[in-house]
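Below is one structure, written out as structure tokens, with a few remarks after it.
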Amino acid sequence: MKIKTILIILLICFINKSLNAQERKDTIEVGNVTINQTRKLSQVALNNYFIDSLLLLENIENNLSDLLSKNSTIFIKNYGKGSLSTASFRGTAATHTQVVWNGMKLNSPMIGQVDFSNIPIFFVDEIKLFYGGSSLSESSGALGGSIIINNKPDWNNKISLSAIQKIASFNTYSSFANINIGNKKKQLKTKIFIEQSENNFKYINNTNPEKNIEKQTNANYNKYGVMQEAYFRITKNSFVSFIIWAQKTNRNIPPIMSYSGLHRNQFQIDKQLKNIISYNINISKIKLKFNSGYNYDGINYFLSDSTYNTYIIKSNSKSNSNSIVNNIELKYLFNNKNELKFDFFYNHSFVNIYDTATYSFTKYNANRNELGGKFSYHKKINKRFAGYILFYQNIVDKNIIPFIPAIGLESKFMKNNPLYIKTNISRNYHVPTLNDLYWIPGGNADLLPEVGYSFDINFNFIKNFKNSKMTNSLSVYSSLIDNWIVWRPSESIYWTAQNIKKVFSRGLEYSFDLKGVYKKIEYQFITNYAFTKTTNQKSDLQEDKSISKQLIYIPKNTFGIFATLLYQKFYIRTNINYIGKRYTTSSNYENRHTLPAYSICNISVGKDYLFKNKKINLTFKVNNLLNKQYQAILYRAMPGRNYSLMLKFSL
């Protein structure tokens, strides 16, 4: 690891020295410029949110789970630092959140979810969130919402370089480097990262009466990855892009706090390879885009107990998932009031799983074919009203999925300081995962797709002042999901997948964003709140005690604040997150398995140093400032107060 870090530093020094002759002799500083961009017609009536570029910068050395948990109303189910992290939109399951990277779905066809701890922000240029029925504008199957991740070329770039070195508590070291070279006709972007951590923090073990202070063991991890982007202009109105992303994660999995048995050896290795080729054509009123890509995910999970020289293998699982995706998107803009769009796709996935456990053996191979299309029409009716209609027709493994429609309407009530009211109604389907269907034992080939009916209304108010801008957004929603898939004990000794629940999710989301300049101080203040009530309305189980009870691990209340002040290249930023009480049993019993609410405060200070066309940034962060002891997942330890120091160089 030290050798790799030294090589990165030497590379930076070499490029820096070779570029000194190209430095511009003069630097001209300009004042703040406000750019008002007209929204695209395809964005009207949608309940979506673009992650602010400042938030991406603040979290550039983190992963996507860290960013979303601190700066959105999405609930992140985090198993610990460096461990599995999944996302829940509006009280739905992790499988109901679709993640799309440059037009390619990242959800595993085996388990249907995405590990957000394996998506570094350093590899991302743009993040968009789509809530409820609005997610159908990007993909089907997202009963809760979708997350869109994009990479973009900068055609004005000639040569640029950035590098980051981070040192943090618990022997954590992270290195990042980014080199961009190009001109108006071609752009090449190379990004690499390396991260390792002992992750051996101390915590109070509240599972025993003494509440001893213990140190987490068997929790170290390392990650490394590379992304190569290439963009080439074919003509003035067309370009082709190729992006490849390779990554590997090795992580040991610590025992839960209550474990007191034999010494355990538990680890997981994740291998990822993704590439996407895209061809974009813009001719007058027609936009045409072709996507074709390949996505590989390999997971090796191992668990054994050991005593003296004896090892007892509890589980040894190896799974490989391969997906080929193809998509054609045709958009026709009649004028600035009418837009028509067609999408056609064909995806093929094939997986193989080998799993041995103490009392069972699993091996299966499965394929999935998805064929379908989407039609959407966006129209600006007049100066005050706009809307859209869309529908999907999908075929999965020769089974025709029922018609998927959605309709949205937007109304503007004020001319200068617009108040927008948006409403969406939709029906959506989520097909069972391959593990749900074919896992041996317990898979159920007769499972029905989960059906979601969603409605939401959004009030969005924007106010521009002399040197500031204020945005308020309030959403009220409800969603009914039928045929909810649950794994439950069967008459045999193993669990099986069943359609047994009807889940009702409802709530509200509020966000406030204020940014501007006061004298020489730049500021931004973002806050968000979510109330989520998700209950089981119906079950096929007799005397099911979960009826009308909140689903496990779904907090009713979440709240977040992000604030930043910038003065003469010096800045201070703070982030506060509140997560409400969560139940860990479906009966919602108030017992020791209920996780109490907690709030975490993080703060960072830093300064930018400018030297002609070079920039050096130094940032010091304190996470969990008040040293709170908390659990995001039952019996999974979380770190107390910890620190990091980050040095960033950019050219």
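Please treat every number below as a calculation from the coordinates, not as lab data. Since we're looking at a predicted model, the values are computed, not measured. When we count neighbours, we look across all protein chains shown, and the Cβ atoms used for this are built from the backbone with ideal geometry, even at glycine.
With the simple model of a label 7 Å out from the Cα in the direction of the Cβ, ASN250 to ILE400 spans 5.2 nm.
For LYS614 and GLN542, what does the FRET efficiency come to when R0 = 45 Å and r is the distance between their Cβ atoms, rounded to the nearest 0.05? Efficiency for this residue pair is about 0.05. Rounded to the nearest whole Hz, the Karplus-based 3J(HN,Hα) values (6.51 cos²θ - 1.76 cosθ + 1.60, θ = phi - 60°) of segment 379-394 follow the sequence 9, 8, 5, 7, 5, 10, 10, 8, x, 8, 9, 8, 7, 10, 9, 10, with x at glycine and proline. Ranked by the mean number of other Cβ atoms within 10 Å of their residues, highest first, the peptides 517-525, 106-114, 314-322 come out as 106-114, 314-322, 517-525.
Compared with the direct C-alpha span, the chain from THR207 to ALA597 gains 138.7 nm at full extension, assuming 0.36 nm per residue. Helix-only arithmetic for the chain: the sum of -39500 (n - 2.57) across DSSP H runs with n ≥ 4, divided by the residue total, places the mean residue ellipticity at 222 nm at -1500 deg cm²/dmol. Considering only C-alpha atoms, what is the centroid distance from segment 225-275 to segment 337-404, in Å? Between the Cα centres of segment 225-275 and segment 337-404 lies a distance of 24 Å.
When peptides 464-471, 640-647 are ranked by their average number of other Cβ atoms within 10 Å per residue, the highest-first order is 640-647, 464-471. Altogether, the Stokes-Einstein calculation at 25 °C and 0.890 mPa s, with the Kirkwood radius of segment 488-602 over Cα pairs as Rh, returns a diffusion coefficient of 141 µm²/s. Based on alpha carbons, the Rg and Dmax found for segment 335-440 are 21.4, 69 Å. The phi-based Karplus calculation (6.51 cos²θ - 1.76 cosθ + 1.60; θ = phi - 60°) puts the 3J(HN,Hα) values of segment 94-104 at 4, 6, 8, 9, 8, 10, 10, 10, 6, x, 10 Hz, whole numbers, x for Gly and Pro.
For LEU84, the residues whose amide H sits under 5 Å from its own are TYR79, ignoring neighbours fewer than 5 places away on the same chain, with H placed 1.01 Å from N. Annotation: lysines with alpha-carbon distance below 22 angstrom to LYS581 (same-chain offsets under eight excluded): LYS70, LYS77, LYS81, LYS211, LYS533, LYS545, LYS549, LYS556, LYS628. FRET efficiency for the pair TYR346 and GLN228, taken as 1/(1 + (r/R0)^6) with r the Cβ-Cβ distance and R0 = 35 Å, rounds to 0.85.
Going by a ≥ b ≥ c, the root eigenvalues of the Cα gyration tensor, does segment 78-206 fall in the rounded group (a/c under 1.5), the prolate group (a/b larger than b/c) or the oblate group? Here segment 78-206 falls in the oblate category. With θ taken as phi - 60° and the Karplus curve 6.51 cos²θ - 1.76 cosθ + 1.60 applied, the whole-hertz 3J(HN,Hα) list for segment 369-378 is 10, 10, 10, x, x, 10, 10, 9, 9, 10 Hz, x standing for glycine and proline. With the convex hull constructed from alpha-carbon coordinates only, the chain shows a mean projected area of 30.3 nm² over all directions.
Just so you know, the Rg over Rh for segment 263-330 is 1.40, from Cα atoms, with Rh as the Kirkwood radius.
The listed peptides 380-386, 74-80, ordered by packing as a protection proxy, come out as 74-80, 380-386 (highest mean of other Cβ atoms within 10 Å first). Each of ILE616, ILE147, ILE127, ILE552 was scored by other Cβ atoms within 10 Å of its Cβ. Listed from fewest to most, they are ILE616, ILE552, ILE127, ILE147. If the cut-off is a Cα-Cα distance under 21 Å, which lysines reach LYS463, setting aside same-chain residues fewer than 8 apart in sequence? Qualifying lysines at Cα under 21 Å: LYS40, LYS383, LYS412, LYS415, LYS422, LYS515, LYS519. Summarising the overall dimensions of segment 414-536 from its C-alpha atoms, the Rg and Dmax are 22.2, 72 angstrom.
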